[in-house]
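Here is the structure we will look at, set down as structure tokens.
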Amino acid sequence: MEKNICTFVGIADDYAIVAGGNSPEIKILKRKEYEKSQICVYDRSFSHAEARVSPDGSRFLLFDYKSFRLQDKDGNIIKDVEIPDSKKVSDQQYSHKSGNLAVMYNNALIIYSGIDGKVLYEAQNLKYVKYSKFGVHTVDAKGVFRLINIDTAMEENVQNIIGEHGVFCGFIVDDNFLNGGKVTGVGKTPNGYFCAVSRGDNCTVYNESAEKIFETNISPENEAFFTDNEIIIAPKHGTPIVYSLKDGSKINELEKDSYITYITQLEEYVMSEYITVNGDHYGILLDKNSYEPLAYMAGLADIYNNQLIFDYNKGDLRKTNIYSINDLINIGIKFNEERN
């Protein structure tokens, strides 16, 4: 039987017509809504670049560098906030543990509450600000280093250091240690602290004992991301590379010529997240051992309780589970059994 090749598709509202030039057959399709996948609705007119789900799933944060909106699942607004000096914002990071939002500048830090949107912590006139998943590292004008816990907004490590730069990596990585270089990433893993330092065209990875694990040749403009056992070094322009934290061996290369924003370690996978030049977000699901790509996730906004959250800027957020091949087979078997 000759296969019907689709050469025409017409879409209007919730219906679509599909036809092919080699067959008189026409298929009429109706869009199916999956209401159970919807976890919140929001005002489509509110401009935002990112969306996050609170730890208990009751609140939702829509934000960009200019402002943020904290709301409930029905779209009721808890707090609207205009971010001060938005053109000077260098980074924003959301904590899935508390729901707090850290807004970072080259010389300032503000932490907003994920419960009511109020300011929990603010510091101005800083010499240095660097984010890590276990805290924000700052150095003030007097040379005092502070590690700020995003979840509690408390200063956990305070000490005088040498120079204007400093991060905590089991020890203080200060200007003496950097020797003209800069920290491009610091992480806390089950095996201890690690940091990546770029000097010229070389990036060196150190452990918490200040011992060099390995060194690689890469653009000085890079950012390092950490999982329990790997480090991903992503140049600003180029291909992110995955290395073993144990011996520095190369594991794989990730999406080429895309700006990587997050690396999230899941139970059986690793999710790499990206943003395009047009501001569109997407994710690529990776095998946790080989880092080979398994699936492309357009519109990925967040990962909550091992579920994927999608935002297509249509006024709602939707969720879906991550299914393995065996999961899908079992679902198919169950479906057939119930149908028969």
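Just one of the numbered conditions (1) farther than 22 Å from residue 182 by Cα; (2) of a type outside the set (Ser, Thr, Tyr); (3) touching a Cys at 6+ places or on another chain (Cβ under 7 Å) is not true of residue 169: (1).
Table: residues versus (1) within 26 Å of residue 48 (Cα to Cα); (2) of a type in the set (Gly, Ala, Ser); (3) in contact with a Pro (Cβ under 9 Å, 6 or more places away or on another chain); (4) at pLDDT 90 or above.
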site	(1), (2), (3), (4)
298	yes, yes, no, yes
306	yes, no, no, no
313	yes, no, no, yes
317	yes, no, no, yes
323	no, no, no, no
330	no, no, no, no
334	no, no, no, no
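crowded, with 17+ Cβ neighbours inside 10 Å and farther than 29 Å from residue 98 by Cβ, is that true of residue 214? When the stated conditions are applied, residue 214 passes them. Scanning segment 253-296 for residues that are acidic (Asp, Glu), modelled with pLDDT of 95 or more and in a loop (DSSP other than H, G, I, E, B) yields a single hit, 292. In segment 16-31, the residues that are in a strand (DSSP E or B) form Cβ pairs under 7 Å with partners that are of a type in the set (D, E, K, R), at six or more places apart or across chains, as follows: 18/27; 30/14. Only one entry of 231, 260 meets the criterion of being within 23 Å of residue 90 (Cβ to Cβ), among the aliphatic types (A, V, I, L, M), in contact with a Phe, Trp or Tyr (Cβ under 6 Å, 6 or more places away or on another chain) and surrounded by 21 or more Cβ atoms within 10 Å (Cβ to Cβ), and that entry is 231. Within segment 183-218, the set of residues being basic (Lys, Arg) and within 22 Å of the chain's Cα centre (by Cα) comprises 188 only.
Checked against the criteria, residue 103 counts as in a strand (DSSP E or B), of a type in the set (A, V, I, L, M, F, W, C) and under 28 Å from residue 184 (Cα atoms). The combined condition, being part of a loop (DSSP other than H, G, I, E, B), more than 22 Å from residue 137 (Cα to Cα), in contact (Cβ under 8 Å) with a residue 12 or more places away in the chain and among the hydroxyl-bearing types (Ser, Thr, Tyr), is fulfilled by residue 239.
Report whether or not residue 59 is modelled with pLDDT of 95 or more, surrounded by 13 or more Cβ atoms within 10 Å (Cβ to Cβ), among the basic types (Lys, Arg) and closer than 22 Å to residue 275 by Cβ. Answer is no for this residue. What are the residues in segment 153-203 that are in a strand (DSSP E or B) and charged (D, E, K, R), if any? Matches in segment 153-203: 155, 156, 174, 182, 188, 199.
The values are calculated or read from the model by the stated rules, or taken from the named source; none is laboratory data. What you see is a predicted model, and the numbers here were worked out from it, not measured in a lab. Don't worry about glycine lacking a Cβ; one is built from the backbone with ideal geometry, like all the others, and counts go over all protein chains shown.
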